[in-house]
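See below for the structure under consideration.
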Amino acid sequence: MATLYRCPTPTDWLCPCGTVARALSREEIGYQEVRVPYRKRDRDDVVALSGQRHVPLLVIDGEAICDSRRIREHLRWRREARNRASVDVAR
């Protein structure tokens with residue numbers, strides 16, 4: 001299971017955190033959400049995981065990935081790797 005650290009914005013349409021949440025749902029990856037404070041100085045748990053204070057932050061398979069674009073690229077890479085593996089098994 002993945003953990004998405006995101007801002008407290010109540011919708012998935014207004015910020016990069018919501019973009020990542022929608023991508024996780026599209027890829028059918030189970031995840032839990034951790035809403036962090038708006039103030040970056042109050043995001044000590046995010047700093048402990050990634051060394052920086054920005055969200056979204058996705059922790060998946062023990063790896064912390066920052067930035068919504070990088071997270072979406074990683075999710076696409078996982079999907080493509082899974083597809084390649086299923087083709088290889090079918091052969």
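The values are calculated or read from the model by the stated rules, or taken from the named source; none is laboratory data. These figures come from a predicted structure and were not determined experimentally. Virtual Cβ from ideal backbone geometry, glycine too; neighbours counted across all protein chains shown.
Quick notes on this one:
- Taken over the range 1-18, the criterion of being out of contact with any strand residue (DSSP E or B) (no Cβ under 8 Å at 6 or more places or on another chain) and among the polar types (S, T, N, Q) is satisfied by THR9, THR11.
- Of the residues making up the range 44-60, those that are out of contact with any strand residue (DSSP E or B) (no Cβ under 8 Å at 6 or more places or on another chain) and either in a helix (DSSP H, G or I) or within 20 Å of THR19 (Cα to Cα) (or both) number 4.
- Filter result for the condition that a residue is of a type in the set (Asp, Glu), surrounded by 12 or more Cβ atoms within 10 Å (Cβ to Cβ) and modelled with pLDDT of 95 or more, over ASP12, ASP44, ASP67: ASP67
- Within the range 64-78, residues that are charged (D, E, K, R) reach no partner that is at pLDDT below 95 and surrounded by fewer than 12 Cβ atoms within 10 Å (Cβ to Cβ) with beta carbons closer than 8 Å at six or more positions or on different chains.
- Residue satisfying condition, being in contact (Cβ under 8 Å) with a residue 40 or more places away in the chain, within 15 Å of LEU75 (Cβ to Cβ) and among the hydrophobic types (A, V, I, L, M, F, W, C), within set VAL59, VAL55: VAL59
- Test result for ARG82, over 15 Å from CYS17 (Cβ atoms), surrounded by fewer than 14 Cβ atoms within 10 Å (Cβ to Cβ) and either without any contact (Cβ under 8 Å) to a residue 24 or more places away in the chain or not β-branched (Val, Ile, Thr) (or both): yes
- Any hit, the range 26-41, residues being modelled with pLDDT of 95 or more, out of contact with any Cys (no Cβ under 9 Å at 6 or more places or on another chain), of a type in the set (Val, Ile, Thr) and part of a helix (DSSP H, G or I): no
- The listed residue being among the polar types (S, T, N, Q), part of a helix (DSSP H, G or I) and without any contact (Cβ under 8 Å) to a residue 60 or more places away in the chain, out of THR9, THR19, THR3: THR19
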